[in-house]
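The values are calculated or read from the model by the stated rules, or taken from the named source; none is laboratory data. Predicted model, so just to flag it, every value in this text is computed and none were measured. Methodologically, a virtual Cβ is constructed for each residue, glycine included, from the backbone with ideal geometry; neighbour enumeration extends over all protein chains shown. Accessible surface areas use protein heavy atoms only, side chains included; no ligands, DNA or RNA. Shrake-Rupley method; radii C 1.70, N 1.55, O 1.52, S 1.80 Å.
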Amino acid sequence: MSETRASDSNGERPSVIKLREMATILHVHQSTMYRLLRQRRIPFLRIGTDYRFEPDKVIAALEASASKL
C-alpha cells in the first residue's frame, strides 16, 4: 500500500493522514505544517514521534482562524 495515498478504496480521503500528505492538500511546505503545530493553530494527533491529521478538522480550523482576521 502506498505511503502517500490520496484516497482510500472507495474514493474518499482517509480519516487520518500523515504530515506530508496534509501539507500537500494545503499546498504548503512541511516546515509550515510544523510551525502551525507549534502555534497550536491546527488540530493533530501525536503517535509516538509522528503527527497525524484529520483533513476536515484541519481545514475547518484554518478557515475559522482566517475568518477572525
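General observations
- All positions within the range 16-43 that are basic (Lys, Arg) and part of a loop (DSSP other than H, G, I, E, B): 40, 41
- Verdict on residue 1 being among the aliphatic types (A, V, I, L, M) and at pLDDT 95 or above: no
- Only listed residue being in a strand (DSSP E or B), exposed (fewer than 14 other Cβ atoms within 10 Å of the Cβ) and modelled with pLDDT of 95 or more, chosen from 46, 52: 46
- Of the candidates 20, 35, the single residue that is modelled with pLDDT of 95 or more, open to solvent by 90 Å² or more (accessible area, probe 1.4 Å), out of contact with any Cys (no Cβ under 6 Å at 6 or more places or on another chain) and closer than 21 Å to residue 68 by Cβ is 35.
- Selection within the range 45-58 - in contact with a helix residue (DSSP H, G or I) (Cβ under 8 Å, 6 or more places away or on another chain) and free of Cβ contacts under 8 Å to residues at least 12 places away in the same chain: none
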